[in-house]
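Worksheet: the structure to be examined is printed underneath.
The numbers here are math on the coordinates, done by the rules we state, and not lab data. What you see is a predicted model, and the numbers here were worked out from it, not measured in a lab. Every residue, glycine as well, gets a Cβ built from its backbone with ideal geometry; the counts of neighbours run over all protein chains shown.
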């Protein structure tokens, strides 16, 4: 059968090659088929295989394969069908003809499949699985591909040494895997197999410079992604975790962290910034190989061939022309600027690339019939082209916009950057641009004008920025030309100044705004005699002041005012004059610092709903010249009307019962220390015990005025006068509160703190009001300006502070704490009562802190008060004021209290404190840092430690420690993107976690006799940590009302023994004790008592008996005061009343008395007798068995009186 001529394969051969010459020539193929071998290997060999193996011509091979493929497909289908049948006997019958006419087909009837013989679905061993296709592909590569080529060919095994070593399992075949997880191991194996010096893929990606997408710093990419995901940059986070932020509060200080934050805000990683700022290339061949992948050792400068350069940089011809600013992208100088005379020293197009190249030597393309080449392109320009191409890609900007940014930054640098190298200052400018670009939509052209000047060069058909702004209006006949001619600052009345009109029209401002701005520009420029030159610098100054302000969302006038408030004249000059990127000082401002400060301040105002104009008014000192308004006149009249009934006068004293002075003298003359001649009570600001001081002065006045005539009544007179004085003082205080509350809109309890904040006093305020002219006289001169009127100036200060209090909603308690100690402890300022930008900012911070918590304000105020009492940072060489244990407990307690108040975790609060090297938060600047980090934490879903790690990233990543910092920060930042991460703002409970054990016990008796020397109650307080280890040097504070306790620190054993020394008041009390910043705890109860064993009744404090006989039935009141030897009254002490019949008398006495003394130690009884007789009554202390006999009382016999 195998040699039968009817065999299909042999028949196919005979049909394909009918000529005898063909059959003889292809005898080898005929022999192969006669031997009965398979046709499938022939099909797999293809045309070239048949040509090589059996020497067939190409046409004959194709003809044979066409028929062989059909036969192979038929045979393979038959094979598949037969393998699917369970029993060969049930093979299908004829598929055509009459015999095929049977019942309708079904899968079961047509294919009786033997499922047991088949492989399971998705089985790797299946002949239809991906594995089968993979093996078939590998065989095809081995037999078809690798057989071709020369001896230097690179086989699959050489290129992919990792491929055949991979394990084939179910996950490898069917599991979905990220492309990155596939690519990275392939690259790693490739690098390792080729003997790379780097240890890992990450290092290779950092050091590689070609293609342009490299270097790739994975950790920076992760950090930037997380920051972008939260609508920020890494620089924004760096700013907000810096204690010195916001930097506009210290405008004269150059902050290193602010510069670092601007670098991080550029969205350029450390290795990207390194490419921009590294030294210029010197080794030409190494440079081209590293940055362009070109190894040119032939000396033909092949890297200058345009096709090669474009292929390596992925540029087409127009993109290259745009990069070099040639042909259709060439710069066009405005017709409204004087033409350049002579040869320009700098080519105006592609300024950074051409650097100092003149008009005759810019980088260009030399067109040739064979290969176009770069002209005037030594390694220097190519190096700059390499940097700029990468920067274009990183910033996502067209080449002319990137060039405008770089050129402006380089030209603005001081000292002058003559090499046109990109410095850290230039990268900082890019960082600030990125911030303005993302937040406000600032364009590169606008930012270049902000830091340098308005461009008067267009590009191709696009006019320059100068012409688009100032010469775009078609209604003007003559354009604005920058001819350096002089023009008046303000046009004369009735005249029209073209320059002013074009400036106002181009910038969209009115004449009032222009007149305000022109003063700033004139101050910052070299203008003379009230004239300014029509120069690029002057026009750019106007443009910057207007455009930057509007970009930030404020008016130009508000922008100039805010600049003046923030940094004074130097800040205004930085934008209105010639801006410079330089070392920032008080007199020479860095324009980047100024723009950033302005933008940060406006953003802060917007976040806190504060209008910029209002803010400027409140933080600026009022003018010395004040105008007396109708509202003020009404205030003065209201005060006069109410004050008439609140004055302290001699008439009031006489009406109260005080004797008149002899010879018609006035009491006010003797009380000049307490009251002035008008009857105004004089109050000293720091006088704590006013009643005591007043009582002494009144006693002196009474003694001097009345002499010895009223010596017996002197004390009573003093008390009467003191009552009149205190009522007058309270009434005058009420007048000031009521009137100023109406005038300022404050609550009455806020008035006096605000008046004190404005350096005012109640008596001085009233005295100055009384000194003003009457309303009729004053109304005639309403609106008159008073130069140097101190009272009107003080009223302006009161209104100014009132506006701040109302805006920030500061309570009277907050104001009082601020005046008592906060203006010295919370804020550092030379004048505690001053109102500066710092003052307002940190008071706004405190007000904002209250809004972030649902807890009472008093909790935070108490914390700040207690924290201020703790010692400041230990000075080197000085003995510590608190032990290490005490600081540790105070730190934990402070963190716990702040965590409870703000609903945060204790660990996060501790991280914030440790970041500024402080044990706890105690100032408003530190509290501001805490609030910023807490707000960021809630916004980004990161804890404080992660935010601090990101914010403290170094600007470079050259060392292992710096790389590790980026790695740790990136890993923690990525956790914030996890959907399963827990809440960052954990709700702190009212009970902070316990970190210390405190016990308090009594040593001995808990009673002490009041007033007795050496009497005491001793407490023992033990302080240990949670491991029961003693904590030494920890101060225990006490609070008691019935005595005193001297505070002491714990011993090395953790024990503090304290003595309670009783005062002169009896009672029961539970003293409170606490550690620094800790919770107040109750101590065991104690009692201050009298000495019951020495109770006695003093005769001089007992009642007298009637000097007459008492009718029978009438009651006589008897009382006696019981005291001990220390003059303590016997309170609620048992007594016994008794009586005995006097000698020579008879009868019965009735005693109606209480069994105990009252709260004054008084024993009282009512005695009577219905029978009459003489009796002696006695009161006896049952505690001391000491009594008192009253004198004899005689009751007459008879009926009781009706």
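Placing R0 at 22 angstrom, the Cβ-Cβ distance between residue 939 and residue 853 gives a FRET efficiency of 0.80 after rounding to 0.05.
Centre-to-centre separation between the Cα atoms of the range 646-702 and those of the range 217-285: 69 Å. Does a label point 7 Å from the Cα of residue 1007, set along Cα-to-beta-carbon, have any residues of the range 1152-1184 with amide nitrogen under 18 Å, and which are they? Label zone hits: 1156-1159, 1161, 1181-1184. In the chain, the DSSP beta bridges split such that about 95 percent are antiparallel, to the nearest 5.
What angle, in degrees between 0 and 90 and rounded to the nearest 10, separates the Cα long axis of helix 130-140 from the longest principal axis of the Cα atoms of the chain? Between helix and principal axis, roughly 40 degrees. Label positions at residue 862 and residue 134, each projected 7 Å from the Cα along the C-beta direction, are separated by 7.0 nm. With contacts taken as Cα pairs under 8 Å at a separation of at least 6 residues, the range 843-975 carries a relative contact order of 20 percent.
Multiplying the residue separation of residue 1138 and residue 66 by 0.36 nm and subtracting their alpha-carbon distance yields 371.2 nm. Expressed to the nearest 5 percent, the antiparallel share of DSSP beta bridges inside the range 1093-1195 is 95 percent. Distance between the C-alpha centres of the range 721-752 and the range 846-870: 28 Å, rounded to the whole angstrom. Once the gyration tensor of the Cα atoms in the range 590-711 is diagonalised, the equivalent ellipsoid follows with semi-axes of 54, 19, 12 Å, ordered largest first. With the simple spin-label model, which puts each label point 7 Å out from Cα in the Cβ direction, the residue 714 to residue 654 separation comes to 2.5 nm. What does a probe at residue 974 reach in the range 166-192, counting residues whose amide N is under 12 Å from the point 7 Å along Cα→Cβ? Under cut-off, by backbone N: 181.
Go ahead and estimate [θ] at 222 nm for the chain from helices alone: -39,500 (n - 2.57) per DSSP H run with n ≥ 4, summed, over the residue count, rounded to 500.
So the helix-based figure for the chain works out to -14000 deg cm²/dmol.
With everything on Cα atoms, drop me the angle between helix 690-706 and the longest principal axis of the chain, reported from 0 to 90° to the nearest 10. The two axes meet at around 30 degrees.
Residue separation of residue 770 and residue 311 scaled by 0.36 nm, minus their Cα-Cα distance, works out to 156.2 nm of gained length. If R0 is 60 Å, the Cβ-Cβ spacing of residue 166 and residue 586 corresponds to a FRET efficiency of close to 0.35.
Using the Cα gyration tensor of the range 266-412, with a ≥ b ≥ c the square roots of its eigenvalues, what is the shape: rounded (a/c below 1.5), prolate (a/b larger than b/c) or oblate (neither)? Because a/c hits 1.5 or more and a/b fails to exceed b/c, the range 266-412 counts as oblate. Ranked by the mean number of other Cβ atoms within 10 Å of their residues, highest first, the peptides 428-441, 653-666, 361-374 fall in the order 428-441, 361-374, 653-666. Seen against the Cα atoms of the chain and their longest principal axis, helix 399-412 is set at about 50 degrees.
Subtracting the Cα-Cα distance of residue 80 and residue 285 from their residue separation scaled by 0.36 nm leaves 67.5 nm. The distance from the alpha carbon centre of the range 937-975 to that of the range 508-539 is 47 Å, rounded to a whole number. Under the definition of Cα pairs under 8 Å and six or more residues apart, what whole-number percent is the relative contact order of the chain? Reported as a whole number, the value is 6 percent.
As a length-normalised measure over Cα pairs under 8 Å and 6 or more apart, the relative contact order of the range 172-233 settles at 16 percent.
Suppose R0 equals 30 Å; then what is the FRET efficiency for residue 40 and residue 106 from their Cβ-Cβ distance, rounded to the nearest 0.05? After rounding to 0.05, the efficiency reads 0.40. Site pair residue 1020 and residue 1047 shows an inter-label distance of 2.4 nm when each label is modelled 7 Å from Cα along Cα→Cβ. Eigen-decomposition of the gyration tensor built on the alpha-carbon atoms of the range 843-975 gives equivalent ellipsoid semi-axes of 28, 21, 12 angstrom, largest listed first.
Among 1039-1050, 1164-1175, 234-245, what's the highest-first ranking by average C-beta atoms within 10 angstrom per residue? Before the final figure, lay out each step's value.
Values: 1039-1050: 15.6, 1164-1175: 19.2, 234-245: 22.7.
Result, highest mean first: 234-245, 1164-1175, 1039-1050.
Against the set (1) 50.0, 185; (2) 49.2, 179; (3) 32.5, 114, the structure's computed Rg and Dmax of the Cα atoms in Å falls on (1).
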